[in-house]
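Enquirer: Starting off with a structure, shown below.
The values are calculated or read from the model by the stated rules, or taken from the named source; none is laboratory data. Just so we're clear, the structure is a prediction, and the values are computed from it rather than from any experiment. Positions of Cβ are generated from backbone atoms using ideal geometry, with glycine treated the same way; all protein chains shown enter the neighbour counts.
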Amino acid sequence: MRKLALNDEILLKIEKPARYIGNEVNSVMKDPEKVDIRFAMCFPDVYEIGMSHLGIQILYDMFNQWEDVWCERVYSPWVDLDKVMRERSIPLFALESQEPVKDFDFLGITLQYEMCYTNILQVLDLAGIPLKAADRSDADPIVIGGGPCAYNPEPLADFFDLFYIGEGETSYRRLLDLFKENKKNKGTRQDFLESAAQVGGIYVPSFYDAAYHADGTLAAFTPNNEHAPSTVNKQVVMDLDDTYYPKKPVVPFIKVTQDRVVLEIQRGCIRGCRFCQAGMLYRPTRERSAERLKEYAREMLRSTGHEEISLSSLSSSDYSCLRELVNFLIGEFKGKGINISLPSLRIDAFSLDVMERVQDVRKSSLTFAPEAGSQRMRNVINKGLTEEEILNGAGQAFEGGWNKVKLYFMLGLPTETEEDMKAIPELADRIARRYYEIPKEKRNGKCQITTSTSFFIPKPFTPFQWARMYSNDEYIARAATVKHAFHDQLNRKSLKYNWHDAEITVLEGVFARGDRRTGKVIEEAYRLGCIYDAWTEVFDYEKWLKAFENTGVDMAFYNERERGMDELFPWDFIDIGVTKEFLKREWQRAMEGKVTPNCREQCSGCGAAGFGGGVCFEGKN
Amino acid sequence: MKARIKFRKYGVMRFIGHLDVMRHFQKVMRRAQIPIAFTGGYSPHMIMSFAQPLGVGITSDGEYLDIELTEPIGSKQAAEQMNEVIAEGMEVVSFVYIPEEKKYSGMTITAAAEYRVSLLKSSRSAGKIKAVPASWKEAAERFLGQESIVVMKKTKRSEKKVDIRPFIYEIEAEDAGIRMFLAAGSENNLKPDLVMDEFLKFAGEDPDKVPVHIHRLDIFAKNDKIPAETEKTKEKGTGLVTLESLGTIRG
């Protein structure tokens, strides 16, 4: 019988014991005696969130296909168990073997959002691994970070031995081979880090020194070890049809956020929205073939028994075989009681037809993400969606029986004026008016237009990386402006407005573009008791303010300063293929309100063509 | 066409709650390609119903779910296909065909359940069992000999006094644990932990200080039509038979 790390008394007392027992269908068990490398793969949030992440499923599958590696999963214990583990000194364990993470060779942590940073410290702390890489010994696991936040790893530099920049499918084999070799040669931790630093995409933070100007900006960022390159190159998989994909993903017992088969149809995005980090990081756009995806769909539905399948990518409407794939999924699986969950699609005749075939029109809603209310503002952010397109799409949908619309916008975008803010409720109202143009007898009661705004956070490697943010109070004031303007609309009774919290926004802002010196704020916040900051019921802003105060780090320096065009950024040592020159050009065009065409309309020379494939070479073979 | 699946739940699966066991079986049906029927509408769901939910922490040798099939499948084949894809800690014991009528559904006919409650050395582990004190044999007899056993039963709104004695059919102290045969189902459902607490108090113990593990042995139905002499029939003088015995195996 399976042994468990937690005893019955604990498991019967805490919420959802299924989070901690492993044993799920398709989870991988191996004989620890027969593997060379034990890899603990961690998503530093609760099980239900972590289990919904495709990237980890891909890497888990890849590692476990290798005979010499056993990859297991680790998630953050929820606050109830966190307390018990601290009281009784129970070390954090991996789900499969139920053995302590501290005894593993690697602890890989995916960095998906800034607000999980204190959970990383929680994981290290509960595992009994020193929080700082500098304090670790040869007996501790190598702690490696990856994922989107690894593109500015600096706030976390002290806590990680390594970062992996880019897509995991490419360099891990080489890295693990070096680890084995080093072990065989009885090399030290330092020896391994030195060899790892030479692998593509690997960044060893301790091999670099940061120097600062008197005004606090970065003066220089230089290697202090001869094995460390001055530039770290992003890793990409160029042939998505010939790589790893989890045909037997782990099937959780409890309901998780993404409880379905997920088909990743493409990576990257051709659109070039200037606020969007993913749109720049994952260039060039690369597609998987419809044939391969059909095979995966069949195989994955059979191996999991899931009753739903969904497609995943940025801007799915741009996937060139979308029609073929969606029609296949509906034809093949709809009759077998499988739900087809559609990604957000551009509203047109095709998507409306598909939506009608897979969901109940009365219950479902349409989603638009204009991101900005005025056309001027949409040109600034390069969101090529016009008001006409929105009103036409909504109009077609209303005539087809829909009456619910969700709208997503950002506040606090560069150059935003009060007029731009007020344009948000005006657009929502115009959509409602379009609905009430339909004769009363033909429409489906009242319409419901729900508008949500979040506050814009400038991210590294985007054309807006130079932009300033605002204070908490200023954000609330902007949301209030929008709220008041909603009251002035003709159809206000059909309009609903929600806005995001500003407290989390300013913290995310600091850590998105923070440098090494912001790491101590994370550590202090953790010491003060912060974990699960992404969870409103746990989040404690006062403690964060105290952490900034105690460490003397000034939030305004990171958030409320427009950066100079020649400023050296903490993340500039990473080469994502898209050049800083291109980003500068895009920032200038934004200031001029000029739209840049998408990759399929015209190449704008961002630099990603250097990878030698994807959309940059479409039709050029 | 309807079938009844009998399954075991043991090991770490005792920490998986009833709703998640249901979800697990839905996925097992698809993985094992059992020709299960669906309801109509926009979000069709499988036609499946469980006889009696099992609480978290409890293991069982006799759980049941009834399903509707679109085409026949051999009993042995169905059980094998499911066992190939079911989680460790669950096992399909049998797959039998049952009558169509609703009054024969497991949920409707469940009338009793048999449990074994073992004493544990510590609440930390259900694996380490302690022998039952010899004196409890006689205590169990006396316990059952009472005319009434009145307990406070909590409902959502209030507490009320209930005599549970009529719903305790048997209770016997064996070496491996206390075996009890209790009323179950929609009419009079008696929980084994409640009975155990009462028995412990009766035997002069503090229930909070006696860690136990509950194991369900089987679920029974009242069936007057089946003669009490058949081999599978549980002789209780009340005509109770296992839910499994009300179905037939098909090749």
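Enquirer: How many residues does the stretch B:99-127 hold that are in a strand (DSSP E or B), under 27 Å from B:MET1 (Cβ atoms) and polar (S, T, N, Q)?
Expert: 1
Enquirer: Still on this structure, I have one more. Would you mind listing the helices (runs of 4 or more DSSP H) fully within the stretch A:95-209 where at least 1 residues are in contact (Cβ under 8 Å) with a residue 60 or more places away in the chain?
Expert: Counting at least 1 such residues, we get A:117-127, A:172-184.
Enquirer: State all residues of the stretch A:264-280 that are at negative phi and either out of contact with any strand residue (DSSP E or B) (no Cβ under 6 Å at 6 or more places or on another chain) or part of a helix (DSSP H, G or I) (or both); if no residue qualifies, say none.
Expert: The answer is A:CYS269, A:ILE270, A:ARG271, A:CYS273, A:ARG274, A:PHE275, A:CYS276, A:GLN277, A:ALA278, A:GLY279, A:MET280.
Enquirer: Hey, any hits in the stretch A:220-239 for a residue that's of a type in the set (Phe, Trp, Tyr), in a strand (DSSP E or B) and not assigned by TED's automatic domain parsing to the domain that holds A:ILE309?
Expert: Yes, the stretch A:220-239 contains a residue that is of a type in the set (Phe, Trp, Tyr), in a strand (DSSP E or B) and not assigned by TED's automatic domain parsing to the domain that holds A:ILE309.
Enquirer: Shifting gears a bit: Taking the residues in the stretch A:392-402 that are crowded, with 16+ Cβ neighbours inside 10 Å and either in contact with a Pro (Cβ under 9 Å, 6 or more places away or on another chain) or over 30 Å from A:GLU332 (Cβ atoms) (or both) as candidates, determine which candidate is farthest from the other protein chains (Cβ to nearest Cβ).
Expert: Top of the filtered list is A:GLY395.
Enquirer: Looking at this structure, is A:GLN277 of a type in the set (S, T, N, Q), away from every other protein chain (no Cβ under 14 Å), surrounded by fewer than 23 Cβ atoms within 10 Å (Cβ to Cβ) and in contact (Cβ under 8 Å) with a residue 12 or more places away in the chain?
Expert: So A:GLN277 passes the test.
Enquirer: Between B:ILE86, B:ILE73, which is within 12 Å of another protein chain (Cβ to nearest Cβ) and crowded, with 19+ Cβ neighbours inside 10 Å?
Expert: Checking each option against the conditions leaves just B:ILE86.
Enquirer: With respect to A:ALA40, is the statement that it is crowded, with 16+ Cβ neighbours inside 10 Å and either assigned to a strand (DSSP E or B) or not assigned by TED's automatic domain parsing to the domain that holds A:THR118 (or both) true?
Expert: Taking the combined requirement at face value, the residue satisfies it.
Enquirer: Okay, moving on. Which number in (1) more than 14 Å from B:GLU198 (Cβ to Cβ); (2) more than 14 Å from chain A (Cβ to nearest Cβ); (3) in contact (Cβ under 8 Å) with a residue 40 or more places away in the chain marks the one condition that B:GLU141 misses?
Expert: B:GLU141 satisfies every listed condition except (3).
Enquirer: Quick one: which residue in B:ILE58, B:ILE67 is more than 10 Å from chain A (Cβ to nearest Cβ), modelled with pLDDT of 95 or more, surrounded by fewer than 21 Cβ atoms within 10 Å (Cβ to Cβ) and more than 19 Å from A:ARG260 (Cβ to Cβ)?
Expert: Exactly one of B:ILE58, B:ILE67 is more than 10 Å from chain A (Cβ to nearest Cβ), modelled with pLDDT of 95 or more, surrounded by fewer than 21 Cβ atoms within 10 Å (Cβ to Cβ) and more than 19 Å from A:ARG260 (Cβ to Cβ), namely B:ILE58.
Enquirer: Has the stretch A:299-317 got any residue that is free of Cβ contacts under 8 Å to residues at least 40 places away in the same chain, buried (at least 19 other Cβ atoms within 10 Å of the Cβ) and farther than 23 Å from A:THR579 by Cα?
Expert: no
Enquirer: Here's a follow-up. Can you find a residue in the stretch B:201-211 that is under 30 Å from B:LYS103 (Cβ atoms), out of contact with any Asp or Glu (no Cβ under 7 Å at 6 or more places or on another chain) and more than 14 Å from chain A (Cβ to nearest Cβ)?
Expert: no
Enquirer: Inside the stretch A:414-431, can you point out the residues that are surrounded by fewer than 20 Cβ atoms within 10 Å (Cβ to Cβ) and within 28 Å of A:GLU586 (Cβ to Cβ)?
Expert: A:THR415, A:THR417, A:GLU418, A:GLU419, A:LYS422, A:GLU426
Enquirer: Another one. So which of B:MET13, B:MET29, B:MET1 ends up being hydrophobic (A, V, I, L, M, F, W, C) and under 30 Å from A:LYS13 (Cβ atoms)?
Expert: After ruling out the rest, the residue left standing is B:MET13.
Enquirer: While we're looking at this one, here's another question. Do you know which residues across the stretch A:1-21 are assigned to a loop (DSSP other than H, G, I, E, B), buried (at least 20 other Cβ atoms within 10 Å of the Cβ) and facing chain B (nearest Cβ under 8 Å)?
Expert: Those that are assigned to a loop (DSSP other than H, G, I, E, B), buried (at least 20 other Cβ atoms within 10 Å of the Cβ) and facing chain B (nearest Cβ under 8 Å): A:LEU4, A:ILE21.
Enquirer: Name the single residue, out of those in the stretch B:31-50 being surrounded by fewer than 19 Cβ atoms within 10 Å (Cβ to Cβ), farther than 25 Å from A:LYS363 by Cβ and more than 23 Å from the chain's Cα centre (by Cα), that is nearest to the other protein chains (Cβ to nearest Cβ).
Expert: B:GLN33
Enquirer: Is it the case that some residue within the stretch B:20-30 is part of a loop (DSSP other than H, G, I, E, B) and more than 8 Å from chain A (Cβ to nearest Cβ)?
Expert: No, because not a single residue in the stretch B:20-30 is part of a loop (DSSP other than H, G, I, E, B) and more than 8 Å from chain A (Cβ to nearest Cβ).
Enquirer: Next up: Looking for whichever is touching a residue at least 12 places away in the same chain (Cβ under 8 Å) and within 14 Å of chain B (Cβ to nearest Cβ) here; the options are A:GLU67, A:GLU24. Which one fits?
Expert: A:GLU24
Enquirer: Please note which strands (runs of 3 or more DSSP E) are completely contained in the stretch A:281-381 and include at least 3 residues that are away from chain B (no Cβ under 14 Å).
Expert: It comes to A:308-312, A:366-371.
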